[in-house]
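The structure appears below as structure tokens.
Rule-based calculations on the coordinates, nothing more; no lab input. All of these numbers come straight from a predicted model, not from anything done at the bench. Ideal geometry is used to build each Cβ from the backbone, glycine not excepted, and the neighbour counts take in all protein chains shown.
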Number of protein chains: 2
Amino acid sequence: MDFEMNLDERKIKILKAIIKDYILTGEPVGSRTISKKYELGVSSATIRNEMSDLEEWGFIIQPHTSAGRIPSDKGYRLYVDKLMEYQAIEDDQLRLFERTLEQKIDQIDELMMEVAKLISYFTNYTSMVSSPQIQKTKLKHMQLIPLDKRSVMLIIVTNANIVTNNVIRMDVPADQDTLNILSNMLNESLRGLTIEEINLPLIQSLKLKMGIYGEIVNSILDAIDHTIQRKNTPDIYLSGTKNLLNFPEFGDLVKTKQIFHTLEEKELLASLLSKAANDGIKIIIGQENEIDEMKHCSIITASYEIDGKTVGTIGVIGPTRMEYSKAVSILSYISRNLDKLLKKISDG
Amino acid sequence: MDFEMNLDERKIKILKAIIKDYILTGEPVGSRTISKKYELGVSSATIRNEMSDLEEWGFIIQPHTSAGRIPSDKGYRLYVDKLMEYQAIEDDQLRLFERTLEQKIDQIDELMMEVAKLISYFTNYTSMVSSPQIQKTKLKHMQLIPLDKRSVMLIIVTNANIVTNNVIRMDVPADQDTLNILSNMLNESLRGLTIEEINLPLIQSLKLKMGIYGEIVNSILDAIDHTIQRKNTPDIYLSGTKNLLNFPEFGDLVKTKQIFHTLEEKELLASLLSKAANDGIKIIIGQENEIDEMKHCSIITASYEIDGKTVGTIGVIGPTRMEYSKAVSILSYISRNLDKLLKKISDG
DNA sequence: AGTTAGCACTCGAGCTAATAGAGTGCTAAC
DNA sequence: GTTAGCACTCTATTAGCTCGAGTGCTAACT
């Protein structure tokens, strides 16, 4: 028995060949295929011996006796960690992305959806995009608008011109002028802060400052708080869910239905994406996935920033037989350039 | 040959039995099944004779010689037009809907998504919901907010507290006070009008009225116009796309992929739904569908109103073998009560 | 005239057996 | 250490077969 694991260069080459070929074709890869298609200068018999070792060490799997080998999750893991060559994003994709950048998109939700579409179009996988976490963006302007006698709308504009609104039910009626004064005071005190920076001491001092408006301020601060709570789970945009159906591994409708079900659980996806935050590129392969229904998928996520702060995540879902290097390069490129797109919204 | 089409009561009963059974089981229905399961007081041989007529007239189809009959699109059409019995919405569904009504939902997009989820949950089909057309809703409040030296944000609040926002690039800088005055003037002139009522003569008279602010007003009215243009295609919310995979008729992955593809084309769905506007309940069966990829589906849509005006549409997509009466009753109930939900957003 | 029992006929679903071929592991020679 | 050769294994495909559901037609019955 060969208990010592000695991954020499030739074994690496063979493993890479198996993974590449299997990602390309989806069919188990045999020793003859490798010796013919990939120039290793050795015969299929030698390769068979090497493959036997690779299988013993768990990097590849034989679906049945008379079939070739397919990579295991462990094999893919080694591949993405050490073996994979990063590739540049393709020129035409670059151009298409630039063109999108030139388009006039003035709503953040449209932009997010457009980004999701681009990712799924570029990768041929299902894409996910989470909108910027509002807590980490800075307050730019607040405005109170009278709706009727007892209710007021609070509009909050942040950093990248993300607009949220909130109806506040007032105990005390307030007229337009009062609301304008209040809006000004709020702006003076809070502008430039991120929403998560608005804490209890700050709120107390605000109440004192507001003097006669104290009681109204209460409701308003509640509303701000409510905004934070509600927006704790960011909006999730999906695109290209149909792409999963392209892959024979999703021919089993029962399993595939479960995946589609998961994709509709936006909270689940939100937590999945938020875990990836701050990590740059993160790759989850098959069984590594925490969500049971996703254990036959791989997920790649990439976080993106506004003003140097990580505020959201983009990602793709595909079969474990995923074109990791391609997907990584695309996600990495888009995540690095997403802040430009977001800034463009601000420019009006 | 029997060229005269004489649809007597017994034939109707048999046709109804075939459709009911096929909707239930998805299997072709034989004459013996009908004579045993549905009490018609005649033998299978008699039913065979009648079925032969029904087939000749195109209401049912025999997939192959030794199979039972399945309804044709024409058969379903007759069924939904004349034969179908409307059924009351189930009690537990009613309760669940009421409970949703009690929940605090203060954003229109959340509400729309919630409604879509309810519909797909109730019907087990894929649901579509289009957000209220902003053009037909009335202006409640407009507010200009300064962002930076050269740009201003226009917030428009309409009827059901639907909020839209728009960044305006100004040629002339404008300070907070000017913007407040302008906001007030705009509100006085335009409040209560629907957006589509804001036409050229009105705009002209506004410009005169605004006097010294004339040049600024231009940009603002452009922005309003832009809002109308952009929001011409309403937002579409989908839920339960995975439900399609429940039905054996969508086992063919190639066709199903096409349907999923169509479901991602929001513009297409928007036009599909908008065509249904003003029509109350509308049923599109199989081949009747204009979209090729949808010719194996049936679609039911129902329009909904705000303040007596039709502003949007809800609907379901399923196999032609759809539980029409159930789906119709659910859509009809929800569409009739949707305005209550929308009003609740207004109440804060 | 309408209904029904009886029966031959058709055709798909599902089972079995046979075959072809891809790929392996092992052995012996290089 | 490498490789040619070969027996062996297992799947996928095909062909042939049977079974049974369902039909249409005919002849008898009411």
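Here is how the numbers come out for the structure above:
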{"item": "Other-chain or far-sequence residues with amide H under 5 Å of residue B:107's (modelled H)", "result": "none"}
{"item": "Residue mean of other protein chain beta carbons inside 10 Å, B:251-263", "result": "3"}
{"item": "Chain B: relative contact order in percent, alpha carbon pairs under 8 Å with at least 6 residues between", "result": "19 percent"}
{"item": "Residues B:329, B:43, B:120, sorted so that the one with the fewest Cβ neighbours within 10 Å comes first", "result": "B:43, B:329, B:120"}
{"item": "Estimated 222 nm signal from helices in the protein assembly as shown, with DSSP H stretches of n ≥ 4 weighted -39500 (n - 2.57), rounded to 500", "result": "-14500 deg cm²/dmol"}
{"item": "Restraint check, B:136/B:275; A:257/B:74; B:16/B:255; B:82/B:257, Cα-Cα greater than 24 Å", "result": "A:257/B:74; B:16/B:255; B:82/B:257"}
{"item": "Segment A:135-230 - percent relative contact order, Cα under 8 Å, separation 6 or more", "result": "30 percent"}
{"item": "Rounded tilt (10° steps) of A:214-230 against the dominant C-alpha axis of chain A", "result": "10 degrees"}
{"item": "Helix axis angle, B:200-210 relative to chain B longest principal axis, alpha carbon, degrees", "result": "30 degrees"}
{"item": "Cα-Cα pairs of the protein assembly as shown separated by more than 50 Å (percent)", "result": "27 percent"}
{"item": "For peptides B:24-30, B:293-299, sequence by mean Cβ density within 10 Å, most packed first", "result": "B:293-299, B:24-30"}
{"item": "Rg/Rh ratio calculated on Cα atoms of chain B (Kirkwood radius)", "result": "1.13"}
{"item": "Nearest-ten-degree value, helix A:108-123 long axis tilted from longest Cα axis of chain A", "result": "0 degrees"}
{"item": "10 Å Cβ neighbours from other chains, averaged over peptide B:139-148", "result": "5"}
{"item": "Residue exposure sequence - A:202, A:111 - by fewest surrounding Cβ within 10 Å", "result": "A:202, A:111"}
{"item": "Spatial separation of Cα centroids for segment B:224-296 and segment A:309-348, in angstrom", "result": "28 Å"}
{"item": "Relative packing of B:141-150, B:5-14, which averages over residues the other C-beta atoms within 10 Å, highest first", "result": "B:141-150, B:5-14"}
{"item": "Table column - 3J(HN,Hα) (Hz), segment A:236-250, Karplus curve with 6.51, -1.76, 1.60, x for Gly and Pro", "result": "10, 10, 10, 8, x, 4, 4, 4, 4, 5, 5, 9, x, 5, 9"}
{"item": "Copies compared at residue A:87 - label distances in nm, ascending, label defined 7 Å from Cα in the Cβ direction", "result": "5.3"}
{"item": "Net charge, residue B:40 excluded, C-beta distance under 14 Å - Lys, Arg +1, Asp, Glu -1", "result": "+4"}
{"item": "Cβ neighbours within 10 Å from other chains - mean over B:149-155", "result": "3"}
{"item": "Violating pairs (Cα-Cα greater than 29 angstrom) within the set B:117/B:282; A:149/B:138; A:242/B:344", "result": "A:242/B:344"}
